[in-house]
Amino acid sequence: MSSVLFRRGRLIDPRHGVDGVHDVLVRDGKVVEVSAQPIAAPAGARVVEAAGQWVVPGFIDLHVHLREPGEEGKETVLTGCRSAVAGGFTAVVAMPNTKIVNDSALVTELVLSRARDANLCHVYPAGAITKGLKGEELAEAGELVSAGCVAITDDGRPVMNAALMRRALQYATLFDVPVMVHEEDLTLSAGGAMHEGATSTRLGLRGIPASAEVAMVARDMILLEETKGRLHVAHVSCEGSVRLIREAKRRGLRVTCEVAPHHFTLDDRAVGHYDTHAKMAPPLRSDRDVLALREALVDGTVDAIATDHAPHGVLDKQVEFEKGINGIVGLETSLALTMSLVHGGLLSPRRAVELLSEGPARVFGLPGGHLAVGAPADITVVSPDEEWTVDVQRFYSRSRNTPFHGRSMKGRVTQTWVSGRCVYEGGQVSPSKESR
Amino acid sequence: MRHLLGIEGWRRDELIALLDRALAHLPGGPDASHTLRGRVVANLFFEDSTRTRSSFEVAARGLGADVLNWGLVGSSASKGETLLDTARNIEALGPAVIVIRNRASGAPHLVARHVRCAVVNAGDGAHEHPSQALLDAFTLRRRWGSLDGRTVLIVGDVQHSRVARSNLLCLTALGARVVLCGPPTLIPPGLEEMGGEVTHRLDEVLPQADAVMCLRLQTERMGEAFLPSTREYARLFGLNAARAERMKPEALVLHPGPINRGVELAPGVADGPRSVILEQVANGVAVRRAILEVCAS
């Protein structure tokens, strides 16, 4: 494979404390040279003139619903990977709550095989904690991990049974994979359609109190301490959870967490007059929660920004609000929403990259997330000040359910490189069937 | 053409104009013209409601409109048709107004976004019931002239009450002070942001009220542990004879119906001199005529 030279870009590599203009030389899918001084382009090398742009470790999304197998009308591994690379992601973690649940090596292997066919970005499946996500019996974590799962989760559903959760944490220590949890006490959220607050009252919708999440986070901190397990809290949405996680980290518990861009961007008022594109689980919370999440992004409580990319069809959303299905797509808007915090002066560029690349790699122990010599050449090139407008018609995802359609953004992915190969450039995703 | 999806979004002057128009529709009033002659009003009721549906039907017929009743039982909705498909099919029949009652909050908004005719909300979930609030305001205005400076106390299950929400918005827009009172489990957060005051102690606020509106206690809520029993509710929040004694002498009692006699309202009070409950029902037709006229025009 020929080499690629990224010339004069602003290299941001949080793991190695690098932030400045560098040249980066890639060969055979690996980073082979990084220098603040200009590197001479080897013969036959492709040169990427990156002056004025950021050259950063490829983004990694810990929380993506690819819908295959079972709901291919919403998304497939292929269309999800297209959406991912268009959003600057070089790796995604595929949630197991597909129609046919990923609770066995068979399904894990199918997802991995589809990902190989797509040949765009890395896909790491997450396996189920419990068989069929039913919350009754443990799925075979050993088989799932040896087939390639990088975490176990019943995402979309909580593990309500505390004894089962405790055993899952204990058992997963055998394989040192994180147990990823969707924290929702179903007795507190029952019948709820959105965050409980002034907006739910105005709209006459049953609210989901913040305690539905916080009470479960509190329970799991206690179980974590007792089991010495490893816990990753998915899509943290409220202040109370942040406070508990911050405190648990301070005490040295092995807990990590992620926040979704919609949760640090919008509050419950975005529901407006029953806009189902603002409906997700956990729900958009109060303005105060949004501020707490932003603070947690800054101070290191949050380890990763993860989209909870949840494709759904038009018919799933064009219904009465309480019947509307939860979730929005997120892969193609994640960087820009993160950049709005950078442009707003809240996040440093380095911290933003940490949250999109380095943090997620560290949390799940994935390759990538840095660009030192020897690192995989998973690279995202970002034009930090480019202005654009979200247009769902141009999404690579098969679904278009987003509240951000028509929103003006600043900051855009210009190129995505996976294992030294350009898979997204000039607004185009590369054809997928080409050989490696 | 205008939708009436809720009181939210209607200004004071618009509400007053509508209520003034309703005066002309009172029995013996000057306006006997059939302003909706040859037009169709479609009643799309997905929830049992004899009172409101009948009121809209009488109102529409009084205006000369043809009325189309599309109910839940035996209709396509029971065969799994989506709300939007049903609404589009009704729209194809060419109504001037679709009057919709649905158990889902926001259902009228969804329909209004996808049809070209006017949509009137006849009650959606726990969201709004604007025609009820307008007829309540109309009833109070006929008694008082103006609502400015008056205190209206709304008592009961505010959490699940669309009547409470619409009345809160409507009465405050018309100048009244609205106090909401009920057990903490049935008072949702943020009512202050909608202009209301909140208390849980009925006996403290009762003497301040110029009118008390008792909400129907939905007995199906008992299964969800919002309350220990109807008996305890009646003891703490029921408007009984003893409490009625402590009201201002001229204070009025309202209820949107149907009443749980002996729970939120004692029979003697419901049928007593303070009660304007049957006036509410009678005024409902005049107010709904005005609503249909304004929305269809």
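The values are calculated or read from the model by the stated rules, or taken from the named source; none is laboratory data. Here the structure is a predicted model, which is why all the values come from computation and not from measurement. Cβ placement follows ideal geometry from the backbone for every residue including glycine, while neighbour counts extend to all protein chains displayed.
A few comments on the model shown:
- In the set (1) away from chain B (no Cβ under 14 Å); (2) in contact with a helix residue (DSSP H, G or I) (Cβ under 8 Å, 6 or more places away or on another chain), A:VAL145 fails one condition alone, (2).
- The set of residues from the range B:222-254 being assigned to a loop (DSSP other than H, G, I, E, B) and modelled with pLDDT of 95 or more comprises B:GLY238, B:ASN240, B:ARG246, B:MET247, B:LYS248, B:PRO249, B:GLU250, B:ALA251.
- The range A:170-198, residues that are under 26 Å from the mean Cα position of the chain (by Cα), more than 9 Å from every other protein chain (Cβ to nearest Cβ) and over 17 Å from A:VAL236 (Cα atoms): A:GLN170, A:TYR171, A:ALA172, A:THR173, A:LEU174, A:PHE175, A:ASP176, A:VAL177, A:GLY192
- Residue tally, condition more than 16 Å from A:THR201 (Cα to Cα) and within 13 Å of chain A (Cβ to nearest Cβ), over the range B:172-186: 0
- Residue ID - nearest to the chain's Cα centre (by Cα), chosen from residues in the range A:305-326 that are in a loop (DSSP other than H, G, I, E, B) and crowded, with 23+ Cβ neighbours inside 10 Å: A:ALA306
- Within the range A:324-338, considering residues that are touching an Asp or Glu at 6+ places or on another chain (Cβ under 9 Å) and not hydroxyl-bearing (Ser, Thr, Tyr), the one farthest from the other protein chains (Cβ to nearest Cβ): A:LEU331
- Only one of the listed residues (B:GLY71, B:GLY94, B:GLY80) is exposed (fewer than 15 other Cβ atoms within 10 Å of the Cβ) and without any contact (Cβ under 8 Å) to a residue 40 or more places away in the chain. That residue is B:GLY80.
- With respect to the stated conditions, A:CYS149 is over 21 Å from A:ASN326 (Cα atoms) and not in a helix (DSSP H, G or I).
- Residue satisfying all of: in the range B:187-206; assigned to a loop (DSSP other than H, G, I, E, B) and exposed (fewer than 15 other Cβ atoms within 10 Å of the Cβ); nearest to the other protein chains (Cβ to nearest Cβ) among these: B:GLY195
- Of the residues examined, B:GLY80 is not one that is within 14 Å of another protein chain (Cβ to nearest Cβ), farther than 21 Å from B:ARG12 by Cβ and modelled with pLDDT of 95 or more.
- Cβ pairs under 6 Å, 6+ apart, first in the range A:303-322 and within 18 Å of B:GLU81 (Cβ to Cβ), second among the basic types (Lys, Arg) and outside any helix (DSSP H, G or I): A:GLY313/A:LYS74
- Check on B:ARG165, over 15 Å from the mean Cα position of the chain (by Cα) and either crowded, with 24+ Cβ neighbours inside 10 Å or not hydrophobic (A, V, I, L, M, F, W, C) (or both): no
- Note on the range A:327-342: among residues that are in a helix (DSSP H, G or I) and of a type in the set (Gly, Ala, Ser), the one that is nearest to A:MET180 (Cα to Cα) is A:SER334.
- Close pairs (6 angstrom Cβ cut-off, 6 or more residues apart or separate chains): in the same structural domain as B:LEU202 (by TED's automatic domain parsing) in the range B:219-248, charged (D, E, K, R) anywhere: B:GLY238/B:GLU264
- Among the residues of the range A:132-142, the ones that are buried (at least 16 other Cβ atoms within 10 Å of the Cβ) and either among the β-branched types (Val, Ile, Thr) or under 18 Å from A:LYS99 (Cα atoms) (or both) come to 3 in all.
- Summed over the range A:2-21, residues that are closer than 22 Å to A:SER348 by Cα and either in contact with a Phe, Trp or Tyr (Cβ under 8 Å, 6 or more places away or on another chain) or among the aliphatic types (A, V, I, L, M) (or both) total 6.
- Test: residue in the range A:64-71 that is among the β-branched types (Val, Ile, Thr), outside the structural domain of A:GLU358 (by TED's automatic domain parsing), touching a residue at least 12 places away in the same chain (Cβ under 8 Å) and in contact with a helix residue (DSSP H, G or I) (Cβ under 9 Å, 6 or more places away or on another chain): no
- Condition met for A:VAL353 (in contact with a strand residue (DSSP E or B) (Cβ under 8 Å, 6 or more places away or on another chain) and among the hydrophobic types (A, V, I, L, M, F, W, C)): yes
- Consider the range B:89-142 and keep the residues that are within 12 Å of chain A (Cβ to nearest Cβ) and in contact with a Phe, Trp or Tyr (Cβ under 6 Å, 6 or more places away or on another chain). The one that is farthest from A:ARG202 (Cα to Cα) is B:ASN102.
- When the range A:199-214 is filtered for residues that are part of a helix (DSSP H, G or I), at the interface with chain B (Cβ under 10 Å from one of its Cβ atoms) and free of Cβ contacts under 8 Å to residues at least 60 places away in the same chain, the ones remaining, listed by number, are A:THR201, A:ARG202.
- Residue check, A:ARG167 assigned by TED's automatic domain parsing to the domain that holds A:ALA215, touching a residue at least 24 places away in the same chain (Cβ under 8 Å) and in a helix (DSSP H, G or I): yes
- Scanning the range B:214-256 for residues being under 23 Å from the mean Cα position of the chain (by Cα) and exposed (fewer than 14 other Cβ atoms within 10 Å of the Cβ) gives a total of 2.
- Residue within the range B:47-56 that is buried (at least 24 other Cβ atoms within 10 Å of the Cβ) and either within 14 Å of chain A (Cβ to nearest Cβ) or part of a loop (DSSP other than H, G, I, E, B) (or both) present: no
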